[in-house]
Every structure is written in structure tokens, then in C-alpha cells.
Amino acid sequence: MGLLGFYLRKAYTLFKNQILVLPSRTAVLLFALALVCLPLFTRDPYLLRILIFTAIFAILAASWDLLSGFTGQMNFGHALFFGVGAYCTALLNLRLDFPPWISIPIGALGAVLTGLIVGIPCLRLRGTYLALTTLAFPIILMGVVFAIPDITGGELGISGIQRLSHSRVTDYYITTGLLLILGFVMWKITDSKTGILFHAIREDEVAVRASGINTTRYKLYAFCLSGFFAGIAGGLYAHIMRTAGPSTLEVALSFQIVIWAVFGGIVSIYGPVAGVFILYPLLEFLRILPKVRMLVFAFIVLLTLLYMPEGLIPWIRDHIEKECPRCKIRNVAFRKECRVCTARLD
Amino acid sequence: MAHGFLEVERLQKSFGGLRAINEVSFSMERTEMLGLIGPNGAGKTTLLRLITAVLRPDSGRVRFKGKNVVGRRTWDVVNQGIACTFQNMRPFRRLPIIANVMVSCLSPRAMKRGEWVKRVEAKAMDALEFAGISDMALEKASTLSQGDLKRLEVARAIATEPELLLLDEPFGGLSPAETDLMAQSIRRLHKGGRFGRLHSEGPAMIIVEHKLQQLMKIVDRIVVLDFGTVIADGVPDEVVQNEDVIKAYLGEGGI
Ligand SMILES: Nc1ncnc2c1ncn2[C@@H]1O[C@H](COP(=O)(O)OP(=O)(O)OP(=O)(O)O)[C@@H](O)[C@H]1O
Ligand SMILES: [Mg+2]
């Protein structure tokens, strides 16, 4: 009993000192709790459906950030990975009867392979050329999809796929749970030593090579990792929609991903996630103004970026937290002294 | 098998119509400190980049410890034991200084040699300590002054624990006092030993520098480049007496 009390107290102290101490961490915790608890209060199918798609696209946007935000490999054709994930998952489920929990990860491996295939020609390109080249890949794949309708279903896509689960609430828990887990994994990757190398490659690739790092390997690694997470999102999407069609490869989707991520704030993982959670439901909500929907949407995005060029979330974070000038630890904005080194803030 | 430490043979490199490096040959020993001087645009930086395989020569050979360097990838060469600094410093500006050095510490060479060092940060910190900027480890590289950026370049290069270190104007932008400090660090590094968790092999060095007086105190041999060709090669005192060298420098000074 005493031991249990000890661990409880220890856990509480950790919780207080590690999470409650910073508003951003508290916000992430509250966000996760809210997602988990939501079905206890409402099971409105329309709302759950929107949130399911939001979670899927949040995984997708975060995976884009891993490649384009962190590693600096501007990808304007990220829908490629999403589409490959969706098609592979659909085919595996339909032709080989793989259940979703097998078809989705194996489908994502298809996207990893795509990342490798696409990554190799992209190794020598950067900036605008890279962006244009990546833009072309999903268009090429769409051409292939239309060329072999026997396998891909052509324009109609592949339908008749198994549902993800038997109830919408379970679907919701699977997708949001995966978002929380995969989001955490991606954040951990960017926080690791590999993450430092990704950052460095974005900053100056030649200097990374001169430091003895095989940049080719790490760039391909970024392509594959990003492809994997985007492929999972694609597989989930296929099982939720119960079809996988050419719309998963659309240029519009690729651009949508970039808009979500930039709006939320790139090079952060949580920024793109927040971007999707704001913009995707917003666009749905704007259906009440069908005529000016896109206009209002574009206006909101533009205004935000005009005043918050770094994206929404970094802007908010910089206003509720500040960095200690001495030890670079973040503190709540209203503190006078750093919580660690007691240096004066401001 | 008799082969030299570093052998450069009839190296050529042109940029468009410009012969930046023309038939350059020299070799150096494992223990040597070589000064590489010459007027602006003589091709010194280009030569260093050819040695580290950042650039590919049009013809000629570079051999390091008997192994061909030409055509290999830069990271391969670095992991083989050649490290270089950039004349126009190239830090990762938005990363903290410690992370700048950690990139080098994560190279296979550094990881293999520091097996007993579990924490990459600690080793990076010792490289910074050696370069004298450990107090600023957490600052972003974009906040550094010119002189500190030079030191960061040095810290990054030595973090791979090279056997051959190429320094491109290590004194550039440093004050006289800072220059003395840097010169002292270079000498200590060449002697070899252990600096915290960082191990120095006592690397051979090629130092490109315009501050001749300082350079002469450190190096025991000087190679002079002019218009991409070697016009003199010998001990410092002889080289500065050499007529061709004086002409090359005066010709430049006369402008
Ligand atoms: N990437 C490049 N493309 C075209 N020309 C180049 C390139 N790099 C160097 N050059 C030219 O090659 C010549 C030699 O340049 P290099 O930088 O090697 O000279 P340097 O001896 O290092 O001069 P400094 O003392 O000014 O550093 C110069 O005329 C330069 O303009
Ligand atoms: Mg130069």
C-alpha cells in the first residue's frame, strides 16, 4: 500500500512537473482526452464521420511535415503515398481477403516502396525542381490507374472493400487512436538523433555530407518514413470509404495537404495536425454557405498566414510561452523567472 | 607497399573556361603541417574541395592512405579520415550550436571510434569546449559572430576525429588575440591526445591562410599556389624568399 502510494505520488509529481508546467503540453493532453472522451457525450454519426476523416488527414499532413517540413524535401505530390496506400490496402482486402489490421500496414509498405522509387530520382533535385517533379508522380500514377482498369477499377476505383469495423464509434476510436499513437511516434522521430540529421539536411545538405553523413540514405529514409505514415492514412481512408478511387491521387489533395500543414505551422508535427483539425471541419461547416464556401475558406487561410507567417500553432505557442534566454527551456509566458535556471525572463 | 599519406597527382579542374587548378602535384606525410598560400582566386579552396571530393577533378589523382579519393562520395572520404572546414562558414543556422556538432558526431566514423561514449551530446560538448564556444552551446548558430562561426567550423571538423584536417582560413575574421588562441588550439590538436571525450589523432593538416606571420609559426612546410599552379614548395623561410612568390604577391598588392 505504501509502495503504491509512493508510485502514485511520483507519477503525480512527474505529471505536474512535465505536463502541467507548460500550457502547450497541457493543451496536447486536453486535446487527446477530448478526443478519447467525445463519444461518451455524443454519437452523432455526422460529427463522428467528420472527425474520422479529420484524424486520417491529420496523419497525412503530419507525414508530409516529416518529409517536407523537417527534411526540406518539398513534396507537392504527397497524395501519391496516400493513393498508393489506399489502392494497395483495397487490393489486398478485396483480392486476398486480408482483414483491415493486416491490409493497412502491408498497404503502407507499398507506399514505403513508392517512397523509395520516387525518392531516388528526387535525390539530386531541390527547391522548385523537386516540387514540380513530385507534383508529376501522382499524375503519372493516375494515368496508370486509368490504363489498367481490370486491376484498379479505372475511373470508378475499387469498391466493395470490407468496413474498418462494425460500428462508427469503433471506427472513430481506431482512427483517432492511430492518430495519437502515430503522431507521437512521428514527433519522437523528429526529436531523435535522426531528427537532428533531418533538420540539418534541410539547412545545408553539402555541410551535412562534409560532416560524414550519408545524406542519400537519410533522404531516402525520410521519403520512406513519410510514405509509411501517409500510406497508413490512405489504407484507413480506403476502409472507411469502402472504396479506393482516383480521387485519392488528385492534385487538389496534394495541395490541400500543403495548405493544412502550412496553416498549422510546419516543422513541428503538431502544427499540421492542428491545421487539419481546424481547417477540415471548417470546410465542412462552411457547407451552410455553399456559394462562397471556398472563397471564405481561402480568405481565412490567407489572413492567418498574413499575420502568422510561421503558422497558427507556433504563433500561439510564442504568445503563451517564452524561452529562457539562458538555458533555452520553455516557460509559461507569465513567469518572471525561468523554472529551471531561475534566470530572469524578458 | 610503399605509399604516401596523401598524394595529389597532376590534378586539373576547370570552371567553364577558367583553369582553377592546373597540374597540381604534391604529397604529404602523416605528421606534417602544411601551409597552403596564394593570392585571392589562386585555387586554394578549390584544391581543398577536390581533396574532400566535394568537387570532381577533370583529371588527375588524389590518394589518401593509398586509397583513391576521386569519384568517391564526400561522406565516404570524411569517414576515411579527412575533415574540412568551409571558408564561407556553412553552419545549420536554425539549429543550436551543439546540434551542429552532433551531426558530425553522428557520422559512422565518430560513432565507431567513440563506442564507449554513449552520449553523443557529451562528445559534441567536448568538441565545443575545445573550440572555446561551449558556453554558447544552446544558442542558435545564426546568433554567432564571424569568429565564433570559425570556431564552430573547427569544432564540427574535429568531431569526426580526422587524420587529415583541412582548414580553410581558420584565422579569417578573428581578432589578433583570438588568432593567437586559435593558433594555440591548432598546435594542441596536432600534438594529439584526449580532450574530454574527444580523441585527437594528432591529425596532419593543410591550412589555407592569408595571415602569413601567424601561419609560419604553426606549419613546417608551405605550398604556394598561383593561377592554379604550384609555384613554390618548401620550408617557410625559404618560400618567403622565393622570387616567384614575391612577384605573385606583389603583383596582387599592386592593384
Ligand atoms: N563553383 C565555381 N564555379 C565557377 N568558378 C569558380 C567556382 N569556385 C571557384 N571558382 C573560381 O575558381 C578560382 C579559384 O577559386 P578559389 O575559391 O579556389 O580561390 P582561393 O584561392 O580559395 O581564393 P581566396 O583566397 O579568395 O579564398 C576563382 O577564380 C573562382 O572565381
Ligand atoms: Mg578560398
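The values are calculated or read from the model by the stated rules, or taken from the named source; none is laboratory data. What you are looking at is a predicted structure, and each value in this text was computed from that prediction instead of being measured. We place every Cβ from the backbone using ideal geometry, glycine too, and count neighbours over all the protein chains shown. Only protein heavy atoms, including side chains, enter the accessible area calculation; ligands, DNA and RNA are left aside. Shrake-Rupley method; radii C 1.70, N 1.55, O 1.52, S 1.80 Å.
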*So what is the 222 nm mean residue ellipticity for chain A from helices alone, if each DSSP H run of at least 4 adds -39500 (n - 2.57) and you divide by all residues, rounding to the nearest 500 deg cm²/dmol?*
-23000 deg cm²/dmol
*Select from A:29, A:180, A:130 the residue whose mean-square fluctuation is largest in a Gaussian network model of chain A (Cα-Cα springs shorter than 10 Å).*
A:29
*Please label the shape of region A:198-332 as rounded, prolate or oblate, based on the square roots a ≥ b ≥ c of the eigenvalues of the alpha-carbon gyration tensor (a/c under 1.5 means rounded; beyond that, a/b larger than b/c means prolate, else oblate).*
oblate
*In chain A, which Cys residues have no partner Cys with a Cβ closer than 4.7 Å?*
A:37, A:88, A:122, A:224
*Cα long-axis angle, helix A:293-307 against chain A (0 to 90 degrees, to the nearest 10)*: 40
*Relative to the longest principal axis of the C-alpha atoms of chain A, give the angle of the C-alpha long axis of helix A:215-241, reported between 0 and 90° and rounded to the nearest 10°.*
70
*Using a cut-off of 17 Å between alpha-carbon atoms, which lysines can reach residue A:16, once sequence neighbours fewer than 8 places away in the same chain are excluded?*
none
_Over 13 Å [Cα-Cα, region A:270-336], rounded percent_ = 71
*On Cα atoms only, tilt of B:120-131 relative to the major axis of chain B in degrees*: 50
*In whole percent, what relative contact order does chain B give with Cα contacts below 8 Å and a gap of six or more residues?*
25
*Only residues of region B:122-141 count here: report those whose backbone N is under 20 Å from the spot 7 Å along Cα→Cβ of residue B:184, or say none.*
B:126-136
_GluC sites (Glu not before Pro) restricted to region B:106-160 and DSSP loop, no more than 15 other C-beta within 10 Å_ = B:115
_Mean-position separation - Cα centroids, region B:196-255 and region A:111-158, in angstrom_ = 54
*Using DSSP to define loop residues, name the trypsin sites (Lys or Arg not before Pro) in region A:287-318 whose beta-carbon has at most 13 other beta-carbon atoms within 10 Å.*
A:291
_Rel. contact order, % - alpha carbon contacts under 8 angstrom, at least six apart, region A:43-292_ = 41
*Ratio of region A:216-264's C-alpha Rg to 2.2 N^0.38 Å, to two decimals?*
1.33
*Indicate the gyration tensor shape class of region A:43-292 (rounded, prolate or oblate), computed on the Cα atoms with a ≥ b ≥ c the square roots of the eigenvalues: a/c under 1.5 is rounded; otherwise a/b larger than b/c is prolate and the rest oblate.*
prolate
*In Å² (nearest 100), what accessible area is buried between B and A, both sides summed, heavy protein atoms only, 1.4 Å probe?*
2100
*asked:* Give me the inter-chain shielding for B:156-163: mean count of other chain Cβ atoms within 10 Å, whole number please.
replied: 2
*What list of ³J(HN,Hα) couplings, whole Hz, do you get for region A:49-56 from phi and the Karplus terms 6.51, -1.76, 1.60, once you set θ to phi - 60° and write x for glycine and proline?*
4, 4, 5, 4, 5, 4, 5, 4
_Which residue, B:157, B:34, A:39, has the largest displacement toward the positive end of the dipole of the protein assembly as shown when charges sit on each Cβ (Lys, Arg +1; Asp, Glu -1)?_
A:39
_Cα gyration tensor category, rounded, prolate or oblate, for chain B with a/c compared to 1.5_ = prolate
_Sites residue A:310 and residue B:175 - FRET efficiency at Förster radius 35 Å, r taken between beta-carbons, to 0.05_ = 0.45
*Which of B:123/B:150; B:65/B:112; A:193/B:65 have a Cα-Cα distance over 21 Å?*
A:193/B:65
*At residue A:340 and residue A:123, where each label point lies 7 Å from the Cα along Cα→Cβ, what is the point-to-point distance in nanometres?*
3.8
*Starting from the eigenvalues of the Cα gyration tensor, five times each then square-rooted, give me the equivalent ellipsoid semi-axes of the protein assembly as shown, largest first, whole Å.*
53, 30, 21
*Whenever you get a sec, compute what percent of the accessible area on region A:43-292 sits on carbon and sulfur atoms (1.4 Å probe).*
69
*What does the charge count near residue B:9 come to, summing +1 for each Lys or Arg and -1 for each Asp or Glu among other residues with Cβ under 10 Å from its Cβ?*
+1
_Could you work out [θ]222 nm for chain B from helices alone, using -39500 (n - 2.57) per DSSP H run of at least four and dividing by all its residues? Round to the nearest 500 deg cm²/dmol._
-10500 deg cm²/dmol
